[in-house]
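Student: Mind having a look at this structure? Questions to follow.
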Amino acid sequence: KLLVVATGNPGKLKEMQAYLADSGWELALKPEDLDVEETGETFAENACLKASEVAKATGNWAIADDSGLKVDTLNGAPGVYSARYGNTDTERIERLLRELGDQENRQAQFVCAIAVANPQGEIVIQSEGICHGEILFAPSGDGGFGYDPVFYVPDKQLTFAQMTTDLKKSISHRGNALKALVPRLKALDIL
Ligand code: ITT
């Protein structure tokens, strides 16, 4: 039971590996040169595209994550373009803070869509998770990846970047998507 994790993002990979460790599947990395163009308009569409293409190209089961940050006063931007908002995490955060300016309403949510495809490229499981928070005026904390230093969770009074990996895992969009998905992955009878 080999499952290829279809991501090129090391931060995501680390988190996905932690969630999937006791799923009963042996995890494999996607070939580095295998890149799937994200032409979808939704997180779910892009997750399905990535899982399906990587499954077909490798001849194995594959799991993909498409995720991003939706900011209320930016009408949901950067959304599915979160990765394309800049070339580095620093650039992406700078652009986000620039576009928000001194806007008082900083409500945002992280969204994560996960899809699992069989070796034929057919999608057999889909799941989605969200996490509500607020965008800070300046980064704080150095854990995690991506927009974590500016994503503040009022309930915990911490940014994602200030949380332990276990705390982020228990409340994040990715955690919520995988919480629902892992039991279904365990239950898949492929033999
Ligand atoms: P793959 O498609 O190869 O998986 P990617 O980084 O291109 O990697 P996405 O297209 O799904 O992935 O883009 C996700 C973007 O949203 C990326 O810029 C991340 O930094 C950001 N993001 C997603 N989850 C995040 C999290 O838990 N913390 C911080 N930023 C996150």
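The values are calculated or read from the model by the stated rules, or taken from the named source; none is laboratory data. Model, not experiment: these values are computed from the prediction. Here the Cβ positions follow ideal geometry from the backbone for every residue, glycine too, while neighbour counts run over all protein chains shown. We work out accessible area using only protein heavy atoms, side chains counted, and drop any ligands, DNA or RNA first. Shrake-Rupley method; radii C 1.70, N 1.55, O 1.52, S 1.80 Å.
Student: Which pairs have Cβ atoms under 6 Å, sit 6 or more apart or on different chains, and link a residue in region 164-182 that is among the hydroxyl-bearing types (Ser, Thr, Tyr) to one that is modelled with pLDDT of 95 or more?
Tutor: What qualifies is Ser172/Cys131.
Student: Based on this model, can you work out whether Ala177 counts as over 30 Å from Ile190 (Cα atoms), open to solvent by less than 10 Å² (accessible area, probe 1.4 Å) and touching an Asp or Glu at 6+ places or on another chain (Cβ under 7 Å)? Spell out how you get there, then give the answer.
Tutor: Values: over 30 Å from Ile190 (Cα atoms): no; open to solvent by less than 10 Å² (accessible area, probe 1.4 Å): yes; touching an Asp or Glu at 6+ places or on another chain (Cβ under 7 Å): yes.
The answer is no for Ala177.
Student: For region 35-67, name all the residues that are buried (at least 20 other Cβ atoms within 10 Å of the Cβ) and either at positive phi or more than 12 Å from the ligand (Cβ to nearest atom) (or both).
Tutor: Once the filter is applied, which keeps residues that are buried (at least 20 other Cβ atoms within 10 Å of the Cβ) and either at positive phi or more than 12 Å from the ligand (Cβ to nearest atom) (or both), region 35-67 yields Cys48, Ser52, Ala55, Trp61.
Student: Only one residue in Ala57, Ala51 is at pLDDT 95 or above and closer than 15 Å to Gln126 by Cα. Which one? Spell out how you get there, then give the answer.
Tutor: On the way: Ala57 fails: closer than 15 Å to Gln126 by Cα.
Matching residue, one of Ala57, Ala51: Ala51.
Student: I've got another one for you. Output the strands (runs of 3 or more DSSP E) that fall wholly within region 76-181 and possess 1 or more residues being closer than 21 Å to Ala18 by Cα and more than 10 Å from the ligand (Cβ to nearest atom), or say none. Lay out the reasoning, then the answer.
Tutor: Values: elements: 107-117, 123-135, 151-153.
Output list reads 107-117, 123-135.
Student: In region 8-30, which residue that is assigned to a loop (DSSP other than H, G, I, E, B) and within 12 Å of the ligand (Cβ to nearest atom) is farthest from Ser82 (Cα to Cα)?
Tutor: Start the filter on region 8-30 by keeping residues that are assigned to a loop (DSSP other than H, G, I, E, B), which leaves 8-9, 21-25, 30.
Going one step further and asking which of them are within 12 Å of the ligand (Cβ to nearest atom), we end up with 8-9, 30.
On the way: Gly8: 15, Asn9: 13, Lys30: 21 Å.
Applying the filter and picking the extreme gives Lys30.
Student: Answer with yes or no whether Asp89 is over 25 Å from Leu29 (Cα atoms) and open to solvent by 10 Å² or more (accessible area, probe 1.4 Å). Full working, then the answer.
Tutor: Numbers: over 25 Å from Leu29 (Cα atoms): no; open to solvent by 10 Å² or more (accessible area, probe 1.4 Å): yes.
Spelling it out, it is not the case that Asp89 is over 25 Å from Leu29 (Cα atoms) and open to solvent by 10 Å² or more (accessible area, probe 1.4 Å).
Student: Here are the criteria: (1) under 23 Å from Phe145 (Cβ atoms); (2) assigned to a helix (DSSP H, G or I). Tell me which single one Glu53 does not satisfy.
Tutor: The one condition Glu53 does not meet is (1).
Student: Quick one: what pairs do we get from region 129-150, first residue free of Cβ contacts under 8 Å to residues at least 24 places away in the same chain, second within 11 Å of the ligand (Cβ to nearest atom) and part of a loop (DSSP other than H, G, I, E, B), C-beta under 8 Å, 6+ apart or different chains?
Tutor: If the second residue must be within 11 Å of the ligand (Cβ to nearest atom) and part of a loop (DSSP other than H, G, I, E, B), the pairs left are Gly141/Met163.
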